[in-house]
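Participant: Supplied in structure tokens, the structure appears directly below.
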Protein chains: 4
Amino acid sequence: VCKYIATKMANSKYEYVRHFEKHDSCLPNCWIIVRVDGKAFHRFADAHAFTKPNDVNGIKLMTRCAHNVMTEFTEMVLAYGQSDEYSFVFKKETQAYKRRESKLMTNVASLFASSYVFHWPEFFPNVKLLYPPSFDGRVVIYPSDQNLRDYLSWRQADCHINNLYNTAFWALVQEGGLSNKEAQTRLSGTFSSNKNEILFSEFGINYNQEPEILKKGTILLRKEIAEEVTITDHKTKEPKSVTKVRKKIEAVNCDLIGDTFWVEHPYLLNTVGTC
Amino acid sequence: VCKYIATKMANSKYEYVRHFEKHDSCLPNCWIIVRVDGKAFHRFADAHAFTKPNDVNGIKLMTRCAHNVMTEFTEMVLAYGQSDEYSFVFKKETQAYKRRESKLMTNVASLFASSYVFHWPEFFPNVKLLYPPSFDGRVVIYPSDQNLRDYLSWRQADCHINNLYNTAFWALVQEGGLSNKEAQTRLSGTFSSNKNEILFSEFGINYNQEPEILKKGTILLRKEIAEEVTITDHKTKEPKSVTKVRKKIEAVNCDLIGDTFWVEHPYLLNTVGTC
Amino acid sequence: VCKYIATKMANSKYEYVRHFEKHDSCLPNCWIIVRVDGKAFHRFADAHAFTKPNDVNGIKLMTRCAHNVMTEFTEMVLAYGQSDEYSFVFKKETQAYKRRESKLMTNVASLFASSYVFHWPEFFPNVKLLYPPSFDGRVVIYPSDQNLRDYLSWRQADCHINNLYNTAFWALVQEGGLSNKEAQTRLSGTFSSNKNEILFSEFGINYNQEPEILKKGTILLRKEIAEEVTITDHKTKEPKSVTKVRKKIEAVNCDLIGDTFWVEHPYLLNTVGTC
Amino acid sequence: VCKYIATKMANSKYEYVRHFEKHDSCLPNCWIIVRVDGKAFHRFADAHAFTKPNDVNGIKLMTRCAHNVMTEFTEMVLAYGQSDEYSFVFKKETQAYKRRESKLMTNVASLFASSYVFHWPEFFPNVKLLYPPSFDGRVVIYPSDQNLRDYLSWRQADCHINNLYNTAFWALVQEGGLSNKEAQTRLSGTFSSNKNEILFSEFGINYNQEPEILKKGTILLRKEIAEEVTITDHKTKEPKSVTKVRKKIEAVNCDLIGDTFWVEHPYLLNTVGTC
């Protein structure tokens, strides 16, 4: 039995190894973004026969996972997703996990990944999930509101560019009968206008009428919902009607590059900061 | 259509935001450990009615997930798990993800978490998983072999201490009829020897005969397996028997604090380094 | 002679050690402050018989060194000094040394320290410098203009508090005949109002009339000086008078906590940033 | 007088800005090197008419400064200097400044720089120092003894290579009458053996007989000196002779790439570590 006393003493002897851990708090008064990206999702999409160029069920599953993450982290004000990636925006003054980078990125990435498997059957009821996917994550911090908007604009512009390319590419392959190689050559060096033209004149596709979810990606935000609810008055004991503000996570598929979105949702940037 | 040209140009205008990302490569010539810990697993264990003090199916599911991680990351030499945590050891000279901390910890944590949901039905066929769990992760680096061994000893000593406490605690509650509060008071300030004595004299439990998986936790390592295989000889076209060395991930439940384990597995520390 | 070929080859063999250096660029779009502090300056002041509570020559020497630093680093917009410390403010978008922390802090600290010895004889013509002093340095970054102002206010408020205390302390010792210990006890727990009262009623000192350089510290800034200069006109070859704006480093001793200073020098915060 | 109470309260209001400082402790159980490099020393050497290719007084002044630094930092085991740079090696387990990077590099760089001005007249009694020089500094950490030796070998090999080149270059210019441009062209693409040959056949210089201080640079180390001293015996009150070990900083100019140096000074690497 002396062994266990020895064990306990040994443990304190070993505890010095804790001091090799790094402090990794994010700079205060900055927006914190955690972005997750699917690892090797080309292979994953092929293995599970995702529809090309976009699998709407796959996109909706991503948003379902992001919804889980935003429900768990109440200090997130916004999330933006496209393709196999999602960016989550913590308010500037968040103290979640004492702003520790490791904690923030691993909790988000692991919850996203476990949600993906958990909710899979709801979106792919007839497809067997062959293996569990992984997502890498990173933290990036931005000092100013303009930086934050530029980050999100960067991701949404990326969505546009890739989606237009992919739409044209798969039209050439699936309807035009070109090989992957030929389609690639055909599109090499083309401008957006050329791709639009190809889609319209050769395949009768008006790109502007493609679904917004594909052209813009998905924004998740907390909307404030005013609800009439009936409660019992403390004094009179009579029922009375009051307005209660409830926050609800909503998905929208709209432009966030221009000012309109930000003017319509002023509370997103107006979080009360320490400074 | 000019819109899309503008989009592309806009995108390069926004791309400056990439420079806000940090370089976070681990110092070369050091052991890299990624540890994952279940988030709020007390609540998770209660919600899914895990057996107290230990749910062996839960432990085996953890090891199943760790097996997935080691299969994916071939440069891991060892993993050690106990309770709701698992530590993964990358060899000193690994160049996996260019040794980037964020990539390493998020890929490991997210694969671990998605595996947990994926393999759940194999270990809990009759228990519905109520929600997807998350795991936090961290990277710690150690310069010397001794530091690495001390880290692992720290975790295994921690396993001993907690398991002995929990075994005594739940014996007092489940068999002794004490309330949680009373059991806590009874054990407060006791040494390991006292807990062993309580277990033996009051409940007839010889702690030393408890299963090794509970007392020691689980070590996953790559064993080199020599196999006789029959191949066709290039020249003679005759079948012939040759020995092929194959690496196979194996789980063992033994002491890693003493020297024996390391003497028996010399290749674990003898990875060929850059220096 | 083969030795030297071997040497060169050896050198490339050793060069891997460069990869152990860290990337340490400051986050973009943030104010960068480098603060230097005299190391063990109590001892230094005693050794060189500095006047108590303030040695104005010592203060002026500090400002002379800071002037050198601002002349060398043209992207500094402001410096603030008090006691044995000086803070230097780089504009948000500076690319000096690629914003590398190590480079910024060591160049500033070492130039400050070498200037201190270099200019010593100008301020202490009759005092032999006994040993070379050292200064520690640090980098702190601030995302917003308000954070920057609060940092500077923090240092100036610190100047006030310490100077009032020191003025009272040395009055009690030098004129009041108290021992250091007795003076310390007398001031322990007193408010600023009490110290003012002691100074006024016991020593006839109106603290508000003390020199601004002691109460406020010193601000170094680049003033824009408009000068009339006579040049030769390109076309007419006649002399003509034009206004040229020249930047000149100036020292002022005024309040920077209130808004007045910032309203009067709007260009300090209005640096053109990347975002 | 209320102003000063307000000031104190204001100060605590501003103190939040301290939390923007980074924790920057070096990883435990690693060698810590601080290297200082003269900033723009080509210009400095020209301005003060340093002898080409080497100014031995300039080199000795560098070593005098390094001696100051080693005297101040007693936990340094070794320093190595060549040209306008000096590297300082802290023992692995040093707790100097809690291993904080900023503190270590700025104190070393600033003391080095102030020492340079302070000791200038001893080495250049007839040359007026025109302006104070600055030195940049950096911290690099190395996990293993081999890494440390490779770092030092890298710097010494660099010394060899540069000194041989410079010796040949200035022989061609000063004695051979070539322009700088011509000398550069002549040496371009040559091996060490070619440079040796040029020196010997054209200028009668046997490079191997050049002074060691130029070919090897300078190593500063603490030698243990055993001294016979006479003390008074406690009991007998008689004088008696005892051996006292004293540490003394010594400069040597020898090879540190091979094993000999390390075998002769075993205590350099054998510092007692935490692990």
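Participant: Name the residues of the range C:159-188 whose amide N is less than 20 Å from a point 7 angstrom out from the Cα of C:T260 along the C-beta direction?
Facilitator: C:159-161, C:164
Participant: Efficiency by 1/(1 + (r/R0)^6): what FRET value for A:S179 and D:N180, r their Cβ-Cβ distance, R0 = 45 Å, to the nearest 0.05?
Facilitator: The computed FRET efficiency comes out at 0.15.
Participant: Right, here's the next one. Would you list, by chain and number, the lysines whose Cα falls below 16 Å from the Cα of D:K244, excluding same-chain residues fewer than 8 positions away?
Facilitator: D:K223
Participant: Nearest 20 debye, what's the magnitude of the dipole of chain C about its Cα centre given +1 on Lys and Arg Cβ and -1 on Asp and Glu Cβ?
Facilitator: 1340
Participant: Tell me, what ³J(HN,Hα) does each residue in the range A:104-112 have, in order and in whole Hz, if you take phi through Karplus 6.51 cos²θ - 1.76 cosθ + 1.60 with θ = phi - 60° and put x for Gly and Pro?
Facilitator: Coupling constants for the range A:104-112: 4, 6, 6, 5, 5, 5, 6, 5, 4 Hz.
Participant: Further question: Please identify every one of the trypsin sites (Lys or Arg not before Pro) in the range C:200-275 that sits in a loop by DSSP and has no more than 10 other beta carbons within 10 Å of its own beta carbon.
Facilitator: C:K235, C:K237
Participant: I need the calculated FRET efficiency for the pair B:Y267 and D:Y165, taking r as the beta carbon distance and R₀ as 45 Å, to the nearest 0.05. Each step should come with its number before you reach the end.
Facilitator: On the way: r = 46 Å, r/R0 = 1.01.
So, using R0 = 45 Å, E works out to roughly 0.50.
Participant: Related question: What is the set of long-range amide H partners of B:E75 at a cut-off below 5 Å, with H atoms built 1.01 Å from backbone N?
Facilitator: HN-HN under 5 Å from B:E75: empty list.
Participant: Under the convention of a label 7 Å out along Cα→Cβ, give the distances in nm from D:A40 to the same position in every other copy, shortest first.
Facilitator: 3.2, 5.3, 5.9
Participant: Please list the radius of gyration and Dmax for the range C:201-275, considering alpha-carbon atoms only, with Å as the unit.
Facilitator: Expressed in Å, the Cα Rg and Dmax of the range C:201-275 come to 20.5, 73.
Participant: Residue by residue through the range D:253-263, which ³J(HN,Hα) values in whole Hz follow from phi under the Karplus form 6.51 cos²θ - 1.76 cosθ + 1.60 (θ = phi - 60°), with glycine and proline marked x?
Facilitator: Working through the residues one at a time gives 10, 9, 5, 10, 7, x, 7, 3, 3, 6, 5 Hz.
Participant: Related question: Which trypsin sites (Lys or Arg not before Pro) in the range A:108-180 sit in a loop by DSSP (not H, G, I, E or B) and have at most 15 other Cβ atoms within 10 Å of their own Cβ?
Facilitator: A:K128
Participant: Percent relative contact order of chain C, based on C-alpha pairs within less than 8 angstrom and at least six residues apart? Write down the numbers at each step before the final one.
Facilitator: Numbers: 354 pairs, mean separation 60.2, N = 275.
It comes to 22 percent, rounded to a whole number.
Participant: Under 1.5 on a/c is rounded, so check that first for the protein assembly as shown, then, if it is not, pick prolate when a/b is larger than b/c and oblate when it is not; a ≥ b ≥ c are the square roots of the alpha carbon gyration tensor eigenvalues. Intermediate results must be reported in sequence, preceding the final value.
Facilitator: On the way: a/c = 1.38, a/b = 1.28, b/c = 1.07.
In terms of gyration-tensor shape, rounded.
Participant: Let me ask another. For the range C:139-275, rounded, prolate or oblate, judged on the Cα gyration tensor with a ≥ b ≥ c (square roots of eigenvalues), a/c < 1.5 rounded, else prolate if a/b > b/c? Please report the intermediate quantities before stating the final value.
Facilitator: Details: a/c = 4.29, a/b = 2.28, b/c = 1.88.
In terms of gyration-tensor shape, prolate.
Participant: Working from Cα positions, state the angle (0 to 90°, nearest 10) between the long axis of helix B:2-14 and the longest principal axis of chain B.
Facilitator: 60
Participant: Under 5 Å between amide hydrogens, which residues at least 5 positions from C:F135 or on another chain qualify, with H placed 1.01 Å from N in the peptide plane?
Facilitator: C:K39, D:S110, D:L111
Participant: Taking the dipole about the Cα centre of the range C:58-185, with the C-beta of Lys and Arg at +1 and of Asp and Glu at -1, give me whichever of C:T94, C:G176, C:A157 is farthest to the positive side.
Facilitator: C:T94
Participant: Now, a different point. Is it possible to state the helix-based mean residue ellipticity at 222 nm for chain A, with each DSSP H run of 4+ residues giving -39500 (n - 2.57), the sum divided by total residues, to the nearest 500 deg cm²/dmol? What is it?
Facilitator: Helix contribution divided over all residues of chain A: -13500 deg cm²/dmol.
Participant: Between the range A:237-262 and the range D:71-121, what is the separation of their alpha carbon centroids in Å?
Facilitator: Using only Cα atoms to place each centre, the spacing works out to 60 Å.
Participant: Calculate, for C:E238 and D:H42, the FRET efficiency according to 1/(1 + (r/R0)^6) with r their C-beta to C-beta distance and R0 41 Å; round to the nearest 0.05.
Facilitator: Details: r = 44 Å, r/R0 = 1.08.
E(calc), rounded to 0.05, equals 0.40.
Participant: Placing a label point 7 Å from Cα toward Cβ, how far apart in nm is C:V242 from its equivalents in the other copies, listed shortest first to one decimal?
Facilitator: In ascending order, 7.2, 8.1, 8.4 nm.
Participant: Point me to the residue of chain C whose C-beta lies closest to the C-onto-B rotation axis, rounding the distance to whole angstrom.
Facilitator: C:H23, 2
Participant: Please list 3J(HN,Hα) in residue order for the range C:214-226, calculated via the Karplus relation 6.51 cos²θ - 1.76 cosθ + 1.60 where θ = phi - 60°; whole Hz, with x for glycine and proline.
Facilitator: 8, 7, 10, x, 10, 10, 9, 9, 8, 8, 8, 10, 8
Participant: What does the copy distance list look like for D:L130, label position 7 Å along Cα→Cβ, in nm and ordered from shortest?
Facilitator: Its label point is 3.5, 7.2, 7.9 nm from the equivalent points in the other copies.
Participant: Right, here's the next one. Rounded, prolate or oblate: which fits chain A, taking a ≥ b ≥ c as square roots of the Cα gyration tensor eigenvalues, rounded meaning a/c under 1.5, else prolate when a/b beats b/c? Walk me through the numbers on the way to the answer.
Facilitator: Details: a/c = 1.89, a/b = 1.30, b/c = 1.45.
Since a/c reaches 1.5 but b/c is at least a/b, the shape of chain A is classed as oblate.
No lab work stands behind these numbers, since they all come straight from the coordinates. Fair warning: this is a prediction, and the values are worked out from it, not measured in the lab. When we count neighbours, we look across all protein chains shown, and the Cβ atoms used for this are built from the backbone with ideal geometry, even at glycine.
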